[in-house]
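> Here's a structure for you.
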Amino acid sequence: MLAISAVSSAPEAAYRALAKDHGATRNSGKRIPRGQVQFVDCRIPDCDGHYIVANMIAQNGLDRRAVPNGVLVDYVALEKCLDIVFARSAELGFEVHMPKGIGSGLAGGNAETIYGMIETAAKKFCVDVTLWEFIDSSAPPFVPKKRRG
């Protein structure tokens, strides 16, 4: 979310509105139901084309210390989200772009497991996927090293 928020406020604002609709705040104990995808039309300055950001709800909270195994990723929910995203992309004729390591950083998921899930969804829906590897956090947004997956 951080990289895209640096160039467009729309995806984060939409996510926060969705959380508010569900009464999901840091201290409320309520959460957005996992397995949902929120699609947000996004205009990115100095970029041509139509971009849709998919906010995938596949994480159980924000604090890895609060879960027994330290993994916040809900793999079942993530698989459902990926199917929704790739199906929509196939329907629209879009490619899918996402950060390499999605779900395996702060959320603590297993990168190889998640990569396999992404690969499976891409093949299932015949959609090209690009995983972006950000060289360092001080680099300007969208100046990544590209890796085809």
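The values are calculated or read from the model by the stated rules, or taken from the named source; none is laboratory data. Only a predicted model underlies this, so the values are computations on that prediction, with no experimental measurement involved. Quick reminder, even Gly has a Cβ in these numbers, built from the backbone with ideal geometry, and neighbours come from all protein chains shown.
> What pairs come up if the first residue lies in the range 86-104 and is touching a residue at least 60 places away in the same chain (Cβ under 8 Å), the second is assigned to a loop (DSSP other than H, G, I, E, B), and their beta carbons are under 9 Å apart, counting only those six or more places apart or on different chains?
Note: pairs meeting the criteria are Pro99/Gly105; Pro99/Phe134; Pro99/Pro144.
> Mind counting the residues in the range 59-76 that are in contact with a Lys or Arg (Cβ under 9 Å, 6 or more places away or on another chain) and small (Gly, Ala, Ser)?
Here the count works out to 2.
> Scanning for something in contact (Cβ under 8 Å) with a residue 24 or more places away in the chain, surrounded by 16 or more Cβ atoms within 10 Å (Cβ to Cβ), assigned to a loop (DSSP other than H, G, I, E, B) and under 12 Å from the mean Cα position of the chain (by Cα), does the range 36-56 turn up at least one residue?
yes
> Given (1) of a type in the set (S, T, N, Q); (2) within 17 Å of the chain's Cα centre (by Cα); (3) in a loop (DSSP other than H, G, I, E, B), where does Ser89 come up short, assuming only one miss?
(3)
> If you don't mind, there's one more thing I want to ask. Tell me, please, whether a residue that is closer than 19 Å to Val37 by Cβ, surrounded by fewer than 17 Cβ atoms within 10 Å (Cβ to Cβ) and acidic (Asp, Glu) can be found in the range 61-75.
Within the range 61-75 (the criterion being closer than 19 Å to Val37 by Cβ, surrounded by fewer than 17 Cβ atoms within 10 Å (Cβ to Cβ) and acidic (Asp, Glu)), the answer is no, since none of the residues qualifies.
> Right, next: If the requirement is being at pLDDT below 90, among the hydroxyl-bearing types (Ser, Thr, Tyr), under 17 Å from the mean Cα position of the chain (by Cα) and surrounded by fewer than 15 Cβ atoms within 10 Å (Cβ to Cβ), which of these qualifies: Ser28, Ser9?
Of the residues listed, the single one that is at pLDDT below 90, among the hydroxyl-bearing types (Ser, Thr, Tyr), under 17 Å from the mean Cα position of the chain (by Cα) and surrounded by fewer than 15 Cβ atoms within 10 Å (Cβ to Cβ) is Ser9.
> Follow-up. For the range 105-149, give me the residue count where each residue is modelled with pLDDT under 90 and part of a loop (DSSP other than H, G, I, E, B).
Residues meeting the conditions: 17.
> Can you tell me how many residues within the range 13-43 are within 16 Å of Val96 (Cβ to Cβ) and either in contact with a Ser or Thr (Cβ under 9 Å, 6 or more places away or on another chain) or among the aliphatic types (A, V, I, L, M) (or both)?
Total meeting the criteria: 3.
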